[in-house]
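Visitor: Encoded as structure tokens, here's the structure I'll be asking about.
The values are calculated or read from the model by the stated rules, or taken from the named source; none is laboratory data. Nothing here was measured: the structure is a model prediction, and the numbers come from that model. Glycine gets a Cβ as well: all are built from the backbone with ideal geometry, and neighbour counts include every protein chain shown. What goes into the accessible areas is simple: the full protein's heavy atoms, side chains included, and nothing from ligands, DNA or RNA. Shrake-Rupley method; radii C 1.70, N 1.55, O 1.52, S 1.80 Å.
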Amino acid sequence: MTTVLNVLRDLHRIHQQLADIQERLERCPKLLHAAQVKVNQTEASLQEKKLHIQQLQLASKEQELILEERAAKIDDRQARLKECSSNKEYQTLKDEIQTEEEANNELADKILLAYEVIDQHQAQAKEIEDSFGEAQQEYDTTAVNVGKRETSLKVDLDRIQTELASTESGLPSEFVSEYQRLTSKRGAGALGGVSNNCCGNCYQQITAQMMNNVLTGKLTICGSCGAILYPEE
Ligand SMILES: [Zn+2]
């Protein structure tokens with residue numbers, strides 16, 4: 001009788017260890033995935049920033065072209081000033097030159113500001129590039145660590161599965177089919193240690209008759225959660 005109770009207790013502990021290892025194994029690819037997501041996100045924001053800088057640079061180049069064309073027009077008008085035949089023509093040219101010069105001064109200021117903005121974006125791009133490098137390094141480190149962890153967890157898993165098989169062989173025949181049916185569905189939840197007349201799986205109270213059955217090593221199923229019951233130490 002004591003043997004049955006010890007076997008059930010051991011099986012419950014082994015199933016809990018199995019669940020813990022399986023949960024830790026499942027976490028491994030998730031950790032790697034999270035590191036990959038970070039790399040991808042940083043890379044995407046770097047690309048986006050670079051594209052934005054390119055667009056700003058292109059816009060500034062276009063503005064510079066306008067500035068140059070207008071400067072050429074001003075030069076042209078300056079030359080024509082010397083060949084003027086009337087005062088009126090001279091004044092008109094003078095006015096046009098002034099208007100264009102004002103426009104160009106304004107545009108030159110605008111271009112200067114645009115370059116300052118581009119500089120700021122380039123500084124931000126540098127920061128993102130650094131983060132991208134860090135994220136890649138972090139991914140590599142995570143990949144190595146996760147690999148090591150998986151290997152060690154699989155060794156533990158093998159060891160515990162062997163222990164499970166050998167412990168299961170000590171289960172009395174009348175327990176076997178119910179035990180197999182329940183553990184295949186819910187793992188560690190298939191067993192419940194009873195303490196203070198309560199099922200340790202669902203915390204519902206059990207009857208005195210059930211407690212008596214549990215203590216005498218009879219196959220006893222919790223009326224609430226359906227777990228196989230055994231007495232806690
Ligand atoms: Zn229960």
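Visitor: For the stretch 173-195, how many residues meet the condition of being open to solvent by 30 Å² or more (accessible area, probe 1.4 Å), over 39 Å from the mean Cα position of the chain (by Cα) and away from the ligand (no atom under 13 Å from the Cβ)?
Guide: Residues meeting the conditions: 5.
Visitor: Moving to a separate point now. What are the pairs, 6+ residues apart or on separate chains, where a residue within the stretch 202-216 that is in contact (Cβ under 8 Å) with a residue 12 or more places away in the chain and part of a loop (DSSP other than H, G, I, E, B) has its Cβ under 9 Å from a residue that is open to solvent by less than 30 Å² (accessible area, probe 1.4 Å) and more than 10 Å from the ligand (Cβ to nearest atom)?
Guide: Ile206/Val214; Ile206/Thr220
Visitor: Inside the stretch 208-230, can you point out the residues that are within 9 Å of the ligand (Cβ to nearest atom) and hydrophobic (A, V, I, L, M, F, W, C)?
Guide: Ile221, Cys222, Cys225, Ala227, Leu229
Visitor: Can you tell me which residue among Val37, Val4 is touching a helix residue (DSSP H, G or I) at 6+ places or on another chain (Cβ under 9 Å) and of a type in the set (A, V, I, L, M, F, W, C)?
Guide: Val4
Visitor: Can you spot a residue in the stretch 61-68 that is under 21 Å from Lys49 (Cα atoms) and open to solvent by 80 Å² or more (accessible area, probe 1.4 Å)?
Guide: Scanning the stretch 61-68 turns up at least one residue that is under 21 Å from Lys49 (Cα atoms) and open to solvent by 80 Å² or more (accessible area, probe 1.4 Å).
Visitor: Just to be sure, is Leu93 without any contact (Cβ under 8 Å) to a residue 24 or more places away in the chain, aliphatic (A, V, I, L, M) and in a helix (DSSP H, G or I)?
Guide: yes
Visitor: Give me a count of the residues in the stretch 146-173 that are part of a helix (DSSP H, G or I) and touching a helix residue (DSSP H, G or I) at 6+ places or on another chain (Cβ under 8 Å).
Guide: 13
Visitor: Scanning for something within 16 Å of the ligand (Cβ to nearest atom) and either under 29 Å from the mean Cα position of the chain (by Cα) or closer than 24 Å to Lys30 by Cα (or both), does the stretch 196-207 turn up at least one residue?
Guide: No.
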